[in-house]
Amino acid sequence: MNRISHWIDGKVVESTSGNSAPVYDPATGEQTAAVDLASTAEVDRAVAAARAAFPEWRATSLSKRSEVMFRLRELVDANRKEIARLLTAEHGKVLSDSLGEVARGLENIEFACGIPQLLKGDYSEQAASGIDVYSIRQPLGVVAGITPFNFPAMVPMWMFANALACGNTFVLKPSEKDPSVNMFVAELLAQSGLPHGCFNVVQGDKRAVDRLLEHDDVAAVSFVGSTPIAKYIYETGTGNGKRVQALGGAKNHMLVLNDADLDMAADAAVSAGYGSAGERCMAISVVLAADEIADDLVTKIADRIPAITVGPGDQPDSEMGPLITAEHRDRVRGYIDGASAAGASVVVDGRSGVPGDGFFLNPTLLDGVRPGMDCYDDEIFGPVLSIVRVAGYQDGIETINASPFANGTAIFTRDGG
Ligand code: NAD
């Protein structure tokens, strides 16, 4: 059984906490590793390493910091396939999707290569009589990232690339469900010439997160994950005087109007609804269909679903992989059970014909969904697309605006206005 440990001060550090969590291959359902769960003392050790590394890294010239980012860019680029393989093995998403995730993450490193220009300040002459004012951008110190399972490479790259380039040092607490990839990325960062201690990974659960949120030496926290935890992180972190950005869950709607190209809308709904098994914060999970075209649209989406190849992410023909854990798969199934009990119709039922022993659920299409049903009100985060029928544009917009969720929305119409 593989053991996945921490990365502190430039090397692998095994935990002595005595706590660990299983890591699975979601395509087979088999446990492939155990990940250490940090004690508070281990979090303190990582923060101490980051704090010790800060003065020298902060004083490192912008050109040297950007050199590190350029080297990291080359190493991530050269290792795209290996990073994608690690992603697929623990997350389950198909390899093409994993490669797409690496590409999106890499964009953040490329952005950070331009740090000498990005960090420029401003200068105003004669802001008041005889007084000039200027602004400069400075690093905060030790900053922490707490990240979700669904983009285990990209979301940390959103955070650490720019944080490090700005001269901060970093402690990452990745999801305990797919922790391997960031141990590999930590090695690439070390090969890039980043001094020891600037980037650390503590594997862990709530205990590790809570320690980061209360630690006096952590200046800022960046979080991405579900809304209840985002609120908790925001309230606790800001309550402890830290700068916090916390991005939460989503329920993305697309509105299809009477004049839309229905084939185009159906293609988009299938790709955005079932890509990565719906485990994307930008997945479409609700299609608002104008009454007049709703039947046609439902038929077109339903007709496309059998063509989606569901299977292990490392198989070249697979287009949709499994869900992250058995518990999550069962939770998503529970929404399908609840939808039919609440009066929605299950047009395509993904509960049957599931391939293999992994955490699979096939694409599911629900019709007649309404606000007030759990399948509408909650973020499902699985391959379940809900059709809500609306009278038209105004009704659709009001429904979308009444949803408390972000992240995005789309309107399908041929009307440029
Ligand atoms: P999650 O909230 O369960 O976990 C996120 C992180 O918080 C993990 O590192 C986890 O270990 C930690 N955590 C979990 N429970 C905690 C607790 N009680 N106290 C302290 N820390 C805790 O999210 P997830 O299931 O890993 O990821 C999926 C969620 O992330 C979805 O809701 C998705 O919409 C959201 N997401 C949002 C965005 C965005 O940009 N808004 C991007 C990606 C994912």
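The values are calculated or read from the model by the stated rules, or taken from the named source; none is laboratory data. The structure presented is a predicted model; accordingly, all values stated were derived computationally and were not measured. Ideal geometry is used to build each Cβ from the backbone, glycine not excepted, and the neighbour counts take in all protein chains shown. With ligands, DNA and RNA removed, areas are computed over all heavy atoms of the protein, side chains included. Shrake-Rupley method; radii C 1.70, N 1.55, O 1.52, S 1.80 Å.
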(request) Take the residues in region 196-238 that are free of Cβ contacts under 8 Å to residues at least 60 places away in the same chain, farther than 22 Å from CYS166 by Cα and touching a Leu at 6+ places or on another chain (Cβ under 7 Å), then tell me which one is surrounded by the fewest Cβ atoms within 10 Å (Cβ to Cβ). (result) THR236
(request) Enumerate the pairs (first residue in region 340-351 and closer than 21 Å to GLY372 by Cα and in a strand (DSSP E or B); second residue anywhere and open to solvent by 40 Å² or more (accessible area, probe 1.4 Å) and modelled with pLDDT under 95) with beta-carbon separation below 6 Å, excluding pairs fewer than 6 apart on the same chain, so at least 6 apart or on different chains. (result) VAL346/SER340
(request) Identify all residues within region 1-58 that are aliphatic (A, V, I, L, M), open to solvent by 30 Å² or more (accessible area, probe 1.4 Å) and under 15 Å from PHE199 (Cβ atoms); write none if there are none. (result) VAL12, ALA48, ALA52
(request) Could you list, in sequence order, all residues of region 322-341 that are open to solvent by 50 Å² or more (accessible area, probe 1.4 Å) and within 14 Å of the ligand (Cβ to nearest atom)? (result) GLU327, ARG331
(request) Quickly run through region 362-417 and pick out the residues that are within 16 Å of the ligand (Cβ to nearest atom), closer than 19 Å to ASP303 by Cα and either assigned to a loop (DSSP other than H, G, I, E, B) or of a type in the set (Lys, Arg) (or both). (result) PRO383
(request) Hey, could you check region 158-185 for residues that are assigned to a helix (DSSP H, G or I) and either open to solvent by 10 Å² or more (accessible area, probe 1.4 Å) or within 15 Å of GLN245 (Cα to Cα) (or both) and say which is nearest to the ligand (Cβ to nearest atom)? (result) TRP158
(request) Residue by residue through region 125-157, note down the ones that are under 29 Å from ALA34 (Cβ atoms) and either basic (Lys, Arg) or part of a helix (DSSP H, G or I) (or both). (result) MET154, VAL155, PRO156, MET157
(request) Determine, yes or no, whether ILE293 is surrounded by 20 or more Cβ atoms within 10 Å (Cβ to Cβ) and assigned to a helix (DSSP H, G or I). (result) no
(message) Against the conditions (1) open to solvent by less than 70 Å² (accessible area, probe 1.4 Å); (2) under 29 Å from ARG211 (Cα atoms), where does SER61 fall short? Just the number, please.
(response) (2)
